[in-house]
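In what follows, a structure is listed as structure tokens, so that the remarks can point back to it.
Only the coordinates and a few stated rules stand behind these numbers; no lab work does. Quantities reported herein were computed from a predicted structural model and do not represent experimental measurements. Cβ coordinates were reconstructed from backbone atoms using ideal geometry, including for glycine residues, and neighbour counts include every protein chain displayed.
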Amino acid sequence: MATKKRPKLAVWKFASCDGCQLSLLDCEDELLAVAREIEVAYFPEGFREVIKGPYDISLVEGSITTAHDAERIHKVRRMSKTVIAIGACATSGGIQALRNFKDVKEFARYVYPRPEYISTLSKSTPLSDHINVDYELRGCPISKVQLIETVSAFLNSRKPNVPSHSVCMECKRKGNICVMVAKGIPCLGPVTHAGCDALCPTYNRGCYACFGPKESPNTGSLSRWLGERSGMKDKDIMRSFRGINAYAEPFRKESEAHE
């Protein structure tokens, strides 16, 4: 009887810190179980062996920041049956998308002694601005539990069981006292996608939206609350939304409204 052919998995890196790829390696025992079902064909961060495509699933980390990367991401799309964007950089442009609100050439003049050698696009953009993305997995870094669930879902032709509710729901499940209501600490939990297990509020810190906006976030209502109840000025509200996921559309529009 012929052995069933395992699907090929590829992991690609663009402009990023490698944190989401490390989350994959951090899966340890879970990764070994998944590896029995798939063939890790291309993953320079974790394996030396390179198996040529096409690939059944491509996990792509990082934003598009150069003309070379804008061309390369189309090559990844052409050789991949399914493309999954992993992490804040790939889904919203990442922290480097802060350049999108200013002139990147001005930044280059401050940072580099010979800025004329720097070749870069004017904006840092998510994968979806360039190609069709089959699924987006949020986080900085991503949740390894959500990653394994997502890969498993696509291997079994089903929809990933990844929650779309806010961090507030995670706080309630853990029995956390709301840091915003009880202590007046500014928190983006009400508009932020779940996935971190309410890490920051659990330690009495406000959420800073590392998992990006949840579905249909009411950012305007939260901004009014922050202004009226917490006494935050417009510039502080703007900065609150300009973090790791600054260029995600709901956060971008809300920050611009307070600029």
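Footprinting exposure proxy ranking of Thr66, Thr91, fewest other C-beta atoms within 10 angstrom first, gives Thr66, Thr91. Helix 144-155 axis versus longest C-alpha principal axis of the chain: approximately 50°, rounded to the nearest ten. Here each label is just a point 7 Å from Cα along the line to Cβ, and for Asp103 and Ser157 those points are 5.5 nm apart. Counting beta carbons within 10 Å around each of Leu22, Leu222 and listing the fewest first gives the order Leu22, Leu222.
Between Thr82 and Ile57, Ser58, the built amide H atoms are under 5 Å apart, and every one of these is 5 or more places off in sequence or on another chain.
Here the chain is treated as a Stokes sphere of Kirkwood radius computed over C-alpha pairs; at 37 °C and 0.692 mPa s its diffusion coefficient rounds to 168 µm²/s. The string of couplings for the range 118-127 from the Karplus curve (6.51, -1.76, 1.60, θ = phi - 60°) is 8, 10, 8, 6, 6, 10, 9, 10, x, 4 Hz, one whole number per residue in order, with x for Gly and Pro.
Secondary-structure-derived ellipticity at 222 nm for the chain, considering helices only, amounts to -10000 deg cm²/dmol, per-run term -39500 (n - 2.57) for DSSP H runs with n ≥ 4.
Could you pull out which residues in the range 235-259 have an amide N less than 20 Å from a spot 7 Å beyond the Cα of Tyr110, following the Cα-Cβ vector? Of the residues in the range 235-259, 235-247, 255-256, 259 have backbone N under 20 Å from the label point off Tyr110.
When restricted to Cα atoms, the range 167-257 yields an Rg and a Dmax of 12.0, 34 Å, respectively. From least to most packed, judged by other beta carbons within 10 angstrom and beginning with the fewest, His130, His258, His74 follow the order His74, His130, His258. Positive-end ranking of Ser119, Gly139, Ala108 along the dipole of the range 101-152, with charges on Cβ about the Cα centre, is headed by Ala108.
Each Lys and Arg contributes +1 and each Asp and Glu -1, all at the Cβ; summed about the Cα centre of the chain, the dipole is approximately 180 debye. R0 = 41 Å: FRET efficiency of Arg224 with Glu39, Cβ-based, nearest 0.05? Rounded to the nearest 0.05, the efficiency is 0.20.
Once the chain from Lys81 to Ala67 is taken as fully extended at 0.36 nm per residue, the excess over their C-alpha distance is 2.7 nm. If R0 is taken as 45 Å, the Cβ-Cβ distance between Ala257 and Lys4 corresponds to a FRET efficiency of 0.25. Average 1/r across all pairs of distinct alpha carbons in the range 8-155, invert it, and you get the Kirkwood radius: 15.9 Å. The alpha carbon centroids of the range 230-258 and the range 146-214 are separated by 19 Å. Less than 5 angstrom separates the built amide H of Phe43 from those of Val11, all sequence-distant by 5 or more or on a different chain.
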